[in-house]
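The values are calculated or read from the model by the stated rules, or taken from the named source; none is laboratory data. All values derive from a computational prediction rather than experimental measurement. With ideal geometry, Cβ positions are generated from the backbone for all residues, glycine too; neighbour counts draw on all protein chains shown. Heads up: the accessible areas ignore ligands, DNA and RNA and are worked out on the full protein's heavy atoms, side chains in. Shrake-Rupley method; radii C 1.70, N 1.55, O 1.52, S 1.80 Å.
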Amino acid sequence: MALVDVKGVSFAYGAGEFRRQVLNNVDFSVDRGEIVILTGPSGSGKTTLLTILGGLRLAVTGSAVVLGRELVNSDENVRMGVRRQIGYIFQQHNLFWPLTAVENVCMALELDDRLSEAERRQRAGEMLTEVGLADHLDRRPKQLSGGQRQRVAIARALVSRPKLVLADEPTASLDKASGHEAVNILKRLAKDYGATILLVTHDYRILDIADRIITLEDGAITPQSVPSS
Amino acid sequence: MTPFPTFFFAARLAWRQLTYDKPKLIAATLGVLFASVLVFMQLGFLDSLYASAVSAPIKMRADLFVLHKQTEALWRPVQFERSALMRALGHPDVRAVYPMYVSLGQFKNMDTHIQRTLMVYGYDLNGDLIDDVDICARADDLKRQDVALFDIASRPEFGPVSEQISKGRDVTEVNGRRIKIVGTFRMGTTFAADGNVVTSDLNFHRIFPQRAFDKIDLGFVLLNPGSDVRKAQADLLALMGQEMRVFDYNELVEFEKGYWENSAPMGFIFGFGVVMGLVVGMVIVYQILFTDVSNNLSQYATLKAMGYSQFYLQLVVLSSAIYLALLGFALGLGLSVALYRLAEQEIFIPFPMPLGKIATVFAFILTMCSLAGALAIRRLKAANPADMF
């Protein structure tokens, strides 16, 4: 069964003469464990699609079943429930400056009542070790490089073992080496934990990590969308 | 997430955010401290004003007191006919009546010979009208000609009178008349007078020869034991006519307090100071919290995306506001206690700091910070995780 199943989703911003159609009858699905890159020119609707699938924006037309829950015309509680099972990686790391790396990662675990404080710290430390930051657990974002910060953000997105990771231009603020390192870590950990990744990017240098590439143009999926291999 | 961890995690994040940027924390704390000190000082002045205003009336002893209706306060009485007070003797419950004379006079410092204004109280010593151990003990001495008792809680500009008396230097001038100070008592300065002197009604007229004996400032009415004070008050009011006021003890004290509260603009001025302090404090705290939320908007949006509720984020902001209230108030209380001591030394009026006042000011400060936090929370609406992509 597909982890993400999108059928006939359309979306428009504004109303009346200011209405701008962004997505037109989009159909696609993502299977469990797949790494899918969503690409396309600016304004093609890929970020809007990602926010709808992440439960961050409400679509009213079509069907978008994510992690078994229908998000189109859903209420906030349903979307919040889905959001808690998704790992998000943004263009910017969005880390809290006063918190250390391990405390930032712990933020993703504080929603889980079943874990003790010690268990949270241990899991956050292990995840940071996985992303190569074992020696930087107690450093604040200010004391880390841009690539290291993004790796902390990746650790934060994956520490709760989400079934789905949504990433938006995760390499946009990184140099080539750091960007490649970050996505390779993301790919390795996703495979290790069986997570599915849906990644929006313009960065052609990282297309090779994808199992499948979907291209959006003018709010519709183009026929060129193919497996990356 | 269950409620306790939600509060705990939100409060912990707020504390870390607040203490991370030290200059910001100092600025915000100073803002709350400033508001706390301003409110404490305004309330301190207001309380001391009221406390000092009633320092004379609370020592007066009678069942009923008679004043002219146009009298606004005891320190500026409108005189009335002694005969009007005597009419009260016609009431079957009235045991005795006594007049009191009150006027501002010039007291000469025995060392510097500089004259300074104080309040002179003259009364019929047979009446035992002032509830003060020292005055009662010296009542017989006061019956002698040209003698008076001096209030040792008066401002120091009148000289070390107590010390001078013990050294035998006890003669000075009050309104240019030689007066022997035969003892001291303690009453306290007021916003109207820097000191007090008590003497007999006869000596009062020697000091103020221009004052007519039959024009009095305050009348004391003593009732027979077991009399109905309320009924007697109503009867006397009818008996004395529309131009007079008849108060019981509590009404007299409240009347004096009410002058400063309402007739004089003091109550309004100090009350306005309290409001201004709170408004300025609220603006400072709001600005700090608003900037803090704005600077962390993307982080808050990320938390929302991760599944944190709007309520959690609101708790973070409110916790910051409460921390600021606690920090600023604690420091403000310490500084205010020191300033109260300083004010007491400088203006010789008591500045009490009872627990009730501390609790009241803390409630003000907590409300001020909570309101600032509630206003800053509106900014959280802009933390839209969809905009992070």
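Observations
- Rounded percent of accessible protein surface that carbon and sulfur make up, the protein assembly as shown, 1.4 Å probe: 56
- Efficiency of FRET between A:GLN143 and B:ALA27 - r from beta-carbon atoms, R0 25 angstrom, step 0.05: 0.50
- A:PHE28 accessible area, 1.4 Å probe, all protein chains in place, Å² to nearest 10: 20
- Ranked order, B:VAL78, B:VAL37 - accessible area, probe 1.4 Å, largest first: B:VAL78, B:VAL37
- Taking Cα atoms only, the orientation of helix B:266-295 departs from the longest principal axis of chain B by about 10 degrees.
- Relative to the Cα centre, the charge distribution of the protein assembly as shown, modelled as +1 at Lys and Arg Cβ and -1 at Asp and Glu Cβ, gives a dipole magnitude of about 980 debye.
- Additional length obtainable on full extension of the chain from B:ASN126 to B:THR291, 0.36 nm per residue less Cα span: 52.3 nm
- Think of a 1.4 Å ball rolled over the protein heavy atoms: the protein assembly as shown then has 43 Å² of accessible area per residue.
- Estimated [θ] at 222 nm from DSSP helical runs (n ≥ 4, -39500 (n - 2.57)) normalised by residues in chain B, nearest 500: -17000 deg cm²/dmol
- For the pair B and A, total buried accessible area rounded to nearest 100 Å², probe 1.4 Å: 2700
- Around the Cα centre of the range B:88-147, unit charges on the Cβ atoms of Lys, Arg, Asp and Glu (plus for the first two, minus for the last two) sum to a dipole of about 260 debye.
- Nearest-10 value in Å² for the accessible area of B:LYS108, using the 1.4 Å probe: 40
- Other protein chain Cβ atoms within 10 Å, averaged over every residue that makes up B:12-20: 3
- With the simple model of a label 7 Å out from the Cα in the direction of the Cβ, B:TYR20 to B:SER370 spans 2.7 nm.
- Taking one quarter of the surface of the C-alpha convex hull of the range A:26-93 gives a mean projected area of 5.3 nm².
- Share antiparallel - DSSP beta bridges, the protein assembly as shown, percent rounded to 5: 65
- Computed over the range B:183-306: relative contact order in percent, which uses C-alpha pairs under 8 Å that are six or more apart: 7
- Here the contact order of the range B:240-389, divided by its residue count and restricted to Cα pairs under 8 Å and six or more residues apart, works out to 40 percent.
- Surrounding net charge for B:SER319, when Lys and Arg each add one and Asp and Glu each subtract one, Cβ distance under 12 Å: +1
- Shielded residues, the range B:275-312 - accessible-area loss of 50 Å² or more between chain alone and all protein chains, probe 1.4 Å: B:GLN299, B:THR302, B:ALA305, B:MET306, B:GLY307, B:TYR308
- Rounded to the nearest 10 Å², the accessible area of B:LEU252 at probe 1.4 Å: 0
- Reach of B:LYS357 by Cα under 16 Å, taken over aspartates and glutamates that are not fewer than 8 positions away in the same chain: B:ASP47
- Note on B:5-11: average number of Cβ atoms from other chains within 10 Å of each residue's Cβ is 2.
- Cβ neighbours within 10 Å from other chains - mean over A:56-62: 2
- On the basis of the beta-carbon distance and an R0 of 51 Å, A:HIS202 and B:PHE272 show a calculated FRET efficiency of 0.25.
- In this calculation the C-beta distance from B:LYS231 to B:HIS113 is compared with R0 = 45 Å, giving a FRET efficiency of 0.25.
- Anchor B:LYS108: lysines whose Cα lies under 30 Å away (excluding residues fewer than 8 positions away in-chain): B:LYS59, B:LYS143, B:LYS167, B:LYS180, B:LYS215, B:LYS257
- Potential lengthening between A:LYS191 and A:LEU58 on full extension [0.36 nm per residue; Cα-Cα distance subtracted]: 44.9 nm
- Taken about its Cα centre, the range B:232-389 carries a charge dipole of roughly 1020 debye when the Cβ of each Lys and Arg holds +1 and the Cβ of each Asp and Glu holds -1.
- Dimensions of the range B:35-167 from C-alpha coordinates, computed as largest minus smallest value along each principal axis and given longest first, are 54, 47, 25 Å.
- Pair A:TRP97, A:ASN25: separation of 7 Å Cα→Cβ label points (nm): 4.9
- Rounded to 5, percent antiparallel among DSSP beta bridges of the range B:147-220: 55
- Distance from the alpha carbon centroid of the range A:1-63 to that of the range B:1-78 works out to 58 angstrom.
- Furthest towards positive pole of dipole, B:GLY159, B:PHE191, B:LEU202, structure part the range B:143-202, Cβ charges: B:LEU202
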